[in-house]
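The values are calculated or read from the model by the stated rules, or taken from the named source; none is laboratory data. On a predicted model such as this, the values are computed, not experimentally measured, just so you know. Note: ideal-geometry Cβ built from the backbone for every residue, glycine included; neighbour counts use all protein chains shown. To get the accessible areas, we keep the full protein, side chains included, count just its heavy atoms, and leave off ligands, DNA and RNA. Shrake-Rupley method; radii C 1.70, N 1.55, O 1.52, S 1.80 Å.
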Amino acid sequence: MCVDILVVDDEVAIADLVEVYLTNENYRVHKFYDAEEALRCIESTKLDLAILDVMLPAIDGFTLCRKIREHHDYPIIMLTAKVEEGDKINGLTLGADDYITKPFSPLEMVARVKAQLRRATRYNKKSAEEDDVIMVLGLVMDRSSHRCTLNERPLDLTPTEFRILWLLCSNRGKVMSQETLFQEVWGEKYYTNNNTVMVHIRHLREKMGDSAEHPKYIKTVYGVGYKIE
């Protein structure tokens, strides 16, 4: 089955380089140098993954990421020359799954693409094999429609936030370590200085009206991980 990947970068040399390496892996690449053309592709093409540059003319990569997340849950990798922690958190909050900083190794980029595709494939496979609805403490999660409500109030979760909350709910009462959550959701090796899971947990709590100090839902087990009782 052919894999379709969207690549959007206004730096022609970088976009072309990414295209060459992904094409060599037998992926079908839809390459654009601006977001306007990319949006038309998003609306008309069934995509499996998107690689978005942050600094695009007219419509930036963050906005494009948000527009994709309004209707699609395939993996998104942000590609940027910025290294500020705030930019990374912003991208993750909007629904990005990974972040690559320029200059980058094309081989590392390919490896990250493969990891995200494996993660998405594994998650979808589990969706078909397991129950699609979980109800915990007023939370109702429907994996088939990717909808989540808390006490009948809709929660606007990114796909990554949904997957983390699903794992916590489906393992209710068990402590899930940051390492386990990261490996299950991102499908990559976890490094101790990685705060990606912590950032997503914080945003989940904000959306749920929860707090780390007096949690009603997501509890921190210090030095171990997180759990929902």
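Figure legend. Inter-residue proximity from the stretch 25-52: first residues in contact (Cβ under 8 Å) with a residue 60 or more places away in the chain and over 22 Å from Ala81 (Cα atoms), second residues among the aliphatic types (A, V, I, L, M) and in a strand (DSSP E or B), beta-carbon distance below 6 Å, spacing 6+ or different chains. Indicated pairs: Tyr27/Ile5.
Consider the stretch 216-229 and keep the residues that are within 19 Å of Ser170 (Cα to Cα) and outside any strand (DSSP E or B). The one that is least open to solvent (accessible area, probe 1.4 Å) is Tyr217. When both residues are 6+ apart or on different chains and their Cβ atoms are under 7 Å apart, which pairs have a first residue that lies in the stretch 151-178 and is farther than 17 Å from Thr93 by Cα and open to solvent by 10 Å² or more (accessible area, probe 1.4 Å), and a second that is among the charged types (D, E, K, R) and part of a helix (DSSP H, G or I)? The qualifying pairs are Leu167/Glu184. The combined condition, being touching a Lys or Arg at 6+ places or on another chain (Cβ under 6 Å) and either small (Gly, Ala, Ser) or open to solvent by 40 Å² or more (accessible area, probe 1.4 Å) (or both), is not fulfilled by Lys189.
If you check Glu36 against the conditions, is it among the charged types (D, E, K, R), under 30 Å from Asn195 (Cβ atoms) and surrounded by fewer than 16 Cβ atoms within 10 Å (Cβ to Cβ)?
no
Residues satisfying the criterion are absent from the stretch 40-58 (criterion: under 13 Å from Pro159 (Cβ atoms) and assigned to a loop (DSSP other than H, G, I, E, B)).
Please state which one of Leu155, Leu167 is hydrophobic (A, V, I, L, M, F, W, C), modelled with pLDDT of 90 or more and either more than 30 Å from Arg112 (Cα to Cα) or in contact with an Asp or Glu (Cβ under 7 Å, 6 or more places away or on another chain) (or both).
That would be Leu167, the only listed residue that is hydrophobic (A, V, I, L, M, F, W, C), modelled with pLDDT of 90 or more and either more than 30 Å from Arg112 (Cα to Cα) or in contact with an Asp or Glu (Cβ under 7 Å, 6 or more places away or on another chain) (or both).
Picking from residues in the stretch 1-17 that are outside any strand (DSSP E or B) and touching a residue at least 40 places away in the same chain (Cβ under 8 Å), the one that is least open to solvent (accessible area, probe 1.4 Å) is Asp9.
The condition of being assigned to a helix (DSSP H, G or I) and at pLDDT 90 or above holds for only one of Val29, Val20, that being Val20.
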